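Reviewing the structure listed below.
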Amino acid sequence: MDKVLIKGLEVEAVIGVYDWERGITQKLVLDIELDWDNRPAARHDDLSLALDYDRLSQRLLAFIGASQYGLIETLAEETARLIHEEFAVPGVLLTLYKPGAVKAAQTVGVQIYRNYGQVEAQ
Ligand SMILES: Nc1nc2c(c(=O)[nH]1)N=C([C@H](O)[C@@H](O)CO)CN2
């Protein structure tokens, strides 16, 4: 399967399980690999047949920026679900980093792969 990639997408959000984390925003960084057949877009040189990484990135910045989950696992799951439901992406490999969480670590995070199955053509 071809991929569309979004790497190092940075967004500030309320995230964390501790009381002191509920009143601040923290930096999150996402790497996303999206299963997508790139051949139709390439064949016709047509953005409407492509998975538009710009439109998808803007939607994720809005969604995550307004979110207030505790665990990064929950945010990763809900972000993958949104990508599938709103952009008809059948499979998503999503890595979500919370770089400020552990002082002694460069970063920490979670990675999930969700395959929702092929989306029926309309
Ligand atoms: N697997 C996880 N472990 C932890 C999380 C998390 O979201 N997933 N969150 C925290 C705290 O919010 C932490 O980031 C505060 O520094 C601890 N462990």
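Among 35, 52, 19, which one shows the biggest mean-square fluctuation in a GNM of the chain, springs joining Cα atoms closer than 10 Å?
In the Gaussian network model the winner is 19.
Looking only at 56, 75, 34, which one moves most when the chain is put into a Gaussian network model with springs between Cα atoms under 10 Å?
Highest fluctuation of the listed residues: 56.
Can you give me the % of accessible surface on the chain that is carbon or sulfur? Probe 1.4 Å, all protein chains present, nothing else counted.
51 percent
For region 20-113, what's the relative contact order in percent, using C-alpha pairs closer than 8 Å and at least 6 residues apart?
Across region 20-113, relative contact order equals 35 percent.
If you take every residue apart from residue 65 with its C-beta less than 12 Å away from the C-beta of residue 65, what net charge results, scoring Lys and Arg +1 and Asp and Glu -1?
0
Using only DSSP helix segments of four residues or longer, with each worth -39500 (n - 2.57), what per-residue ellipticity at 222 nm results for the chain after dividing by its residue count and rounding to 500?
My calculation for the chain gives -9000 deg cm²/dmol from helical runs alone.
How much length is gained on full extension from residue 42 to residue 62, taking 0.36 nm per residue of separation minus their Cα-Cα distance?
4.3 nm
Rounding to the nearest 10 and keeping the result within 0 to 90°, find how far the Cα-based axis of helix 72-87 lies from the longest principal axis of the chain.
Around 20 degrees separate the two axes.
Does a label point 7 Å from the Cα of residue 26, set along Cα-to-beta-carbon, have any residues of region 80-113 with amide nitrogen under 15 Å, and which are they?
What the label zone holds, given the 15 Å backbone N cut-off, is 96-110.
Pull up the cross-link candidates among the lysines for residue 103, meaning alpha carbon to alpha carbon under 17 Å and not fewer than 8 places away within one chain.
Output for residue 103: 27.
What does the charge count around residue 49 come to, taking other residues whose C-beta lies under 13 Å from its C-beta (Lys +1, Arg +1, Asp -1, Glu -1)?
So the surrounding residues net to -3.
Going 7 Å from the Cα of residue 18 toward and past its Cβ, which residues in region 82-122 have a backbone nitrogen under 20 Å from where you end up?
Backbone N within reach: 97-110.
Need one number for the chain: average projected area of the convex hull over its C-alpha atoms, nm².
The number I arrive at for the chain is 7.9 nm².
Between residue 73 and residue 102, what is 0.36 nm times their sequence separation minus the Cα-Cα distance? Round to one decimal in nm.
8.8 nm
Where does the charge balance sit around residue 32 when Lys and Arg score +1, Asp and Glu -1, over other residues with C-beta under 10 Å from its C-beta?
0
The values are calculated or read from the model by the stated rules, or taken from the named source; none is laboratory data. Fair warning: this is a prediction, and the values are worked out from it, not measured in the lab. Methodologically, a virtual Cβ is constructed for each residue, glycine included, from the backbone with ideal geometry; neighbour enumeration extends over all protein chains shown. We work out accessible area using only protein heavy atoms, side chains counted, and drop any ligands, DNA or RNA first. Shrake-Rupley method; radii C 1.70, N 1.55, O 1.52, S 1.80 Å.
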